[in-house]
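Reading through the structure tokens given below for one structure.
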Amino acid sequence: MSRLPRPYVVASCAVSLDGFLDDSSAARLVLSNEADLDRVDEVRAGCDAILVGAETVRRDNPRLLVRSDVRRQARVAAGLPENPVKVTLTTSGDLDPDRAFFTAGDAPKLVYAASGAVAGLRERLGEAATVIDAGSVVDLPTVLADLAARGVRRLLVEGGGRVHTAFLGADLVDELQLVVAPFLVGDEQAPRWVGTGPFPHDPGRPMRLVEVRQLGEVVLLRYALTAADRFWLGEAIEESRRCPRSETAYAVGAIIVDRDGREIARGYSRESDPRVHAEEAALAKVDLGDPRLPTATIYSSLEPCSVRASRPRPCAELILDAGIRRVVFAWREPDLFVDCRGAEVLTGAGVDVVELPDLAPLVRDVNAHLFAGRRGRPDDR
Ligand SMILES: [Zn+2]
């Protein structure tokens, strides 16, 4: 049992106060300012690929390059290409090779096209792009799995409205960056940044606001979506598959992630010695005074321990000592070896504890051998 791999997805757009991306005139409506363009440039420089819909390629003709020399040089110094890979999606195949998407910069250009459009596009675009068959209708999980296989770990989605609607509707956005301009468009013919749902984030399941930043007259709102928790918890579960096998202890994976959705450290059970726990292994790789820790989240495949047989300091206490205020885990520890109250201890200390029990079967699967032939299995009680 495993999950389809995908990159971490950041969706970004600038809108009017009434939620429009543009007006209906031929000229492009400016919603951003210089300070925000510089911010977006930094976000781009921190991603492996940038995705826009074919409508955006046709209508806005964006270059999708990192503008700053310093940021491009920093990418090269880090062993990355100067610019992120460019990605677009098309059903109709209506894309011209003279668009800036294809002509600007040396980065690879990937076009995910519906099967019926592939042959025509390959002929039309020639060497300008790699055209990939994305199925009879372009399937986003398939596109994301293909991007992950090409080494894309962080993807920036820059619109337009149909693309944002599809990604948000499919719960494939980990972080949303919305910039709001201080005026109204009030034109029903104009495109909105997002269409009609259903969406997973309704009033009963709101997004988590992680930042509000004023940039001159515009405001940046940054939201973490529940997909981000599922993404990182899935990564932690994958990490647990690396644990040396034990007949007497769980295989667990843990990852510490900062508020920008960037990994700080990861670890797994028995990584450095036969008794080390996953959370402990990850925490051992971070300086205790790291300023990112108070706003970081630790993801652990198993509930952090509150009592342990092997060492005096349980992981719940180590997490509190590190100053981490948010914990996400999948599986509540069965009382197989010790009586665990980790979630209770953390919640009691004011930590935000989130349990995603629907991912628990994956964790149980990794630990199935611990239960084989045992009477009174913990989940049978
Ligand atoms: Zn532990």
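The values are calculated or read from the model by the stated rules, or taken from the named source; none is laboratory data. Keep in mind that this is a model prediction, so the values were computed, not measured. Methodologically, a virtual Cβ is constructed for each residue, glycine included, from the backbone with ideal geometry; neighbour enumeration extends over all protein chains shown. These accessible areas exclude ligands, DNA and RNA; they are computed on the full protein's heavy atoms, side chains included. Shrake-Rupley method; radii C 1.70, N 1.55, O 1.52, S 1.80 Å.
Given (1) under 19 Å from T165 (Cβ atoms); (2) open to solvent by 20 Å² or more (accessible area, probe 1.4 Å), identify the lone condition not met by A54.
(2)
Could you pull out the residue among A249, A284 that is touching a residue at least 60 places away in the same chain (Cβ under 8 Å), surrounded by fewer than 23 Cβ atoms within 10 Å (Cβ to Cβ) and of a type in the set (A, V, I, L, M)? Steps first, please.
Values: A284 fails: touching a residue at least 60 places away in the same chain (Cβ under 8 Å).
Sole residue among the options that is touching a residue at least 60 places away in the same chain (Cβ under 8 Å), surrounded by fewer than 23 Cβ atoms within 10 Å (Cβ to Cβ) and of a type in the set (A, V, I, L, M): A249.
Which one of R375, R341 is open to solvent by 70 Å² or more (accessible area, probe 1.4 Å), modelled with pLDDT under 75 and either within 24 Å of the chain's Cα centre (by Cα) or more than 26 Å from L225 (Cβ to Cβ) (or both)?
Values: R341 fails: modelled with pLDDT under 75.
Answer to the selection: R375.
Which residues, counting only those in the stretch 252-261, are of a type outside the set (V, I, T), buried (at least 19 other Cβ atoms within 10 Å of the Cβ) and at pLDDT 95 or above? Before the answer, list the steps.
Initially, the stretch 252-261 is screened for residues of a type outside the set (V, I, T), giving 253-254, 258-261.
After this cut, where a residue has to be buried (at least 19 other Cβ atoms within 10 Å of the Cβ) as well, the list is 253-254, 261.
Within the stretch 252-261, G253, A254 meet the criteria.
Within the stretch 179-217, can you find the residues that are buried (at least 19 other Cβ atoms within 10 Å of the Cβ) and outside any loop (DSSP other than H, G, I, E, B)?
V179, R192
Does the stretch 90-99 hold any residues that are without any contact (Cβ under 8 Å) to a residue 40 or more places away in the chain and surrounded by 16 or more Cβ atoms within 10 Å (Cβ to Cβ), and which are they?
So the first thing to find is which residues in the stretch 90-99 are without any contact (Cβ under 8 Å) to a residue 40 or more places away in the chain, and the list is 92-93, 96-98.
The one that is without any contact (Cβ under 8 Å) to a residue 40 or more places away in the chain and surrounded by 16 or more Cβ atoms within 10 Å (Cβ to Cβ): G93.
Would it be correct to say that D69 is in contact with a Ser or Thr (Cβ under 6 Å, 6 or more places away or on another chain) and either open to solvent by 30 Å² or more (accessible area, probe 1.4 Å) or not hydrophobic (A, V, I, L, M, F, W, C) (or both)? First the steps, then the outcome.
Numbers: in contact with a Ser or Thr (Cβ under 6 Å, 6 or more places away or on another chain): no; either open to solvent by 30 Å² or more (accessible area, probe 1.4 Å) or not hydrophobic (A, V, I, L, M, F, W, C) (or both): yes.
No, not satisfied.
Somewhere in the stretch 348-357, is a residue open to solvent by 50 Å² or more (accessible area, probe 1.4 Å), more than 15 Å from the ligand (Cβ to nearest atom) and over 25 Å from A228 (Cβ atoms)?
Checked against the condition, which is being open to solvent by 50 Å² or more (accessible area, probe 1.4 Å), more than 15 Å from the ligand (Cβ to nearest atom) and over 25 Å from A228 (Cβ atoms), the stretch 348-357 yields at least one hit.
Give me a count of the residues in the stretch 311-333 that are open to solvent by less than 50 Å² (accessible area, probe 1.4 Å) and under 25 Å from D365 (Cα atoms).
From the stretch 311-333, those open to solvent by less than 50 Å² (accessible area, probe 1.4 Å) are 314-316, 318-319, 322-324, 326-331, 333; that's our starting set.
Next, only the ones that are under 25 Å from D365 (Cα atoms) stay: 314-316, 327-331, 333.
Total meeting the criteria: 9.
Taking the stretch 322-336 only, how many residues are part of a loop (DSSP other than H, G, I, E, B) and within 13 Å of the ligand (Cβ to nearest atom)? Walk me through it before giving the result.
In the first step, residues of the stretch 322-336 are kept if they are part of a loop (DSSP other than H, G, I, E, B); the result is 323-325, 332-336.
If we keep only those that are within 13 Å of the ligand (Cβ to nearest atom) too, we end up with 333.
The total comes to 1.
Can you list the helices (runs of 4 or more DSSP H) lying wholly within the stretch 1-107 that have 2 or more residues being under 25 Å from V137 (Cα atoms) and in contact with a helix residue (DSSP H, G or I) (Cβ under 8 Å, 6 or more places away or on another chain)?
On the way: elements: 34-45, 54-59, 69-77, 100-103.
Correct list: 54-59, 100-103.
Only one of these conditions is not met by R332: (1) modelled with pLDDT under 95; (2) touching a Pro at 6+ places or on another chain (Cβ under 6 Å). Which number is it?
Failing condition for R332: (2).
This table checks each residue for (1) charged (D, E, K, R); (2) at pLDDT 95 or above; (3) open to solvent by less than 20 Å² (accessible area, probe 1.4 Å); (4) out of contact with any His (no Cβ under 9 Å at 6 or more places or on another chain).
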residue: F101; (1), (2), (3), (4): no, yes, yes, yes
residue: P108; (1), (2), (3), (4): no, yes, no, yes
residue: S115; (1), (2), (3), (4): no, yes, no, yes
residue: R124; (1), (2), (3), (4): yes, yes, no, yes
residue: T130; (1), (2), (3), (4): no, yes, no, yes
residue: V138; (1), (2), (3), (4): no, no, no, yes
residue: A148; (1), (2), (3), (4): no, yes, no, yes
